Ligand code: ADP
């Protein structure tokens with residue numbers, strides 16, 4: 001390996017300072033995802049012992065579950081550098097060139113939202129991933145010629161919320177493929193306790209459990225809820241936090257017992273009220289809610305599907321009896337009234 005500087009996270013402006021403060025810095029600091037953690041630890045350990053380059057890794061799962069955290073911890077474990085790119089920003093092969101030519105031996109290139117890479121960029125990546133070389137075409141027409149440029153061996157870590165959109169040739173080039181699932185309330189409560197310590201918020205276990213239950217199995221949401229409760233407490237309760245203050249703060253944000261917020265419930269209500277419970281296509285729901293289908297598919301649906309509040313059928317989305325029951329049990333709070 002030629003470079004051992006601390007991994008440089010190259011898109012700090014995308015993370016608020018507190019998000020960086022709460023993000024675990026080492027894999028050992030991560031809570032939950034034990035099976036994924038152990039498999040990655042073995043692969044990293046083996047690569048280190050053999051002095052080899054770690055195989056390419058694909059991480060998939062809903063937003064906020066720790067894909068970026070794993071991707072930023074892996075190079076630290078390897079003692080190597082990190083470059084961060086986003087699939088959405090890599091419009092043409094030339095956009096990838098600076099990253100590929102900058103890789104040092106054994107370093108990590110993280111591409112977030114890798115399902116958004118255009119096909120031309122994806123094909124440009126194939127030889128880079130497989131043989132550590134790129135083919136560059138110079139000139140046009142009959143004068144065009146292709147030169148092969150060797151690259152230093154590196155590890156590509158790809159993250160996606162939509163594993164289904166990744167083409168089979170791309171998927172097959174990843175040696176390690178891991179799916180991140182929602183966290184248990186116990187793991188989330190532990191994350192909340194650790195974040196509370198980092199934010200210097202005194203927090204009892206009952207409050208941590210309550211926030212965990214209302215965070216949709218997602219560490220990012222748990223941390224966001226925690227920050228809101230801190231603000232609420234500072235403004236309304238002279239900084240004290242107990243279960244009543246935590247509940248009042250969450251209710252003020254329209255977060256219900258299951259952890260759904262106003263937008264999640266608006267989605268359920270749209271299916272139930274406007275489309276008679278479904279089945280209804282995602283585009284029709286998105287149009288009615290003035291939202292993007294991507295937002296609904298990435299941020300809203302995975303948890304509602306997981307809780308069996310909606311189902312996906314060949315003819316569209318349908319609300320389940322459990323979903324109807326959940327809507328029926330909701331208090332008609334201010335946050336709901338605001339939605340329609
Ligand atoms: P993703 O890339 O999957 O959208 P991130 O890795 O950015 O999610 O995680 C969001 C936030 O959640 C991080 O900033 C971190 O604070 C927290 N987080 C995620 N996974 C864990 C974990 N396993 N242990 C502790 N905190 C975590």
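The numbers here are math on the coordinates, done by the rules we state, and not lab data. Keep in mind the model is a prediction, meaning the values are calculated, not measured. Positions of Cβ are generated from backbone atoms using ideal geometry, with glycine treated the same way; all protein chains shown enter the neighbour counts.
Numerical summary
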{"item": "Computed log₁₀ I(q)/I(0) - Debye formula, equal Cα scatterers, no solvent, region 156-221, q 0.19 Å⁻¹", "result": "-0.74"}
{"item": "Share antiparallel - DSSP beta bridges, region 9-179, percent rounded to 5", "result": "25 percent"}
{"item": "Whether region 262-329 is rounded, prolate or oblate, judged on the alpha carbon gyration tensor where a/c under 1.5 counts as rounded", "result": "rounded"}
{"item": "Span from the region 80-99 Cα centroid across to the region 135-192 one, whole angstrom", "result": "11 Å"}
{"item": "Kirkwood hydrodynamic radius of the chain, from inverse mean 1/r over distinct Cα pairs, in Å", "result": "22.2 Å"}
{"item": "Relative contact order %, region 160-318, counting alpha carbon pairs below 8 Å whose residues are six or more apart", "result": "17 percent"}
{"item": "Relative counts (whole %) of C-alpha pair distances in region 11-157, using bins that are 10 Å wide", "result": "10, 38, 34, 13, 4, 1"}
{"item": "Percent RCO, i.e. relative contact order, over region 9-179, from Cα pairs under 8 Å lying at least 6 residues apart", "result": "30 percent"}
{"item": "Distance between modelled label sites at residue 243 and residue 292, nm, 7 Å Cα→Cβ extension", "result": "4.0 nm"}
{"item": "Helix-derived mean residue ellipticity, 222 nm - over the chain, DSSP H n ≥ 4, -39500 (n - 2.57), to 500", "result": "-13000 deg cm²/dmol"}
{"item": "Among 178, 301, 38, residue whose mean-square fluctuation peaks in a GNM of the chain (springs only between Cα atoms under 10 Å)", "result": "38"}
{"item": "Antiparallel DSSP beta bridges within the chain, as percent of all bridges there, nearest 5", "result": "40 percent"}
{"item": "Cα coordinate range in region 68-222, projected on the principal axes (Å, largest first)", "result": "72, 32, 24"}
{"item": "Nearest-ten-degree value, helix 119-131 long axis tilted from longest Cα axis of the chain", "result": "60 degrees"}
{"item": "Pairs of Cα atoms farther than 14 Å apart, region 185-252, %", "result": "48 percent"}
{"item": "For region 185-252: relative contact order, % (alpha-carbon pairs under 8 angstrom, 6 or more apart)", "result": "33 percent"}
{"item": "Between helix 219-236 and the chain: long-axis angle, C-alpha atoms, 0 to 90°, nearest 10", "result": "50 degrees"}
{"item": "Additional length obtainable on full extension of the chain from residue 38 to residue 86, 0.36 nm per residue less Cα span", "result": "14.6 nm"}
{"item": "Angle in degrees between helix 243-252 and the longest Cα principal axis of the chain, rounded to the nearest 10", "result": "80 degrees"}
{"item": "Gyration tensor (alpha-carbon) shape descriptor, region 53-138, a/c threshold 1.5", "result": "oblate"}
{"item": "Residue among 68, 218, 293 with the largest mean-square fluctuation in a Gaussian network model of the chain, springs linking Cα atoms under 10 Å", "result": "293"}
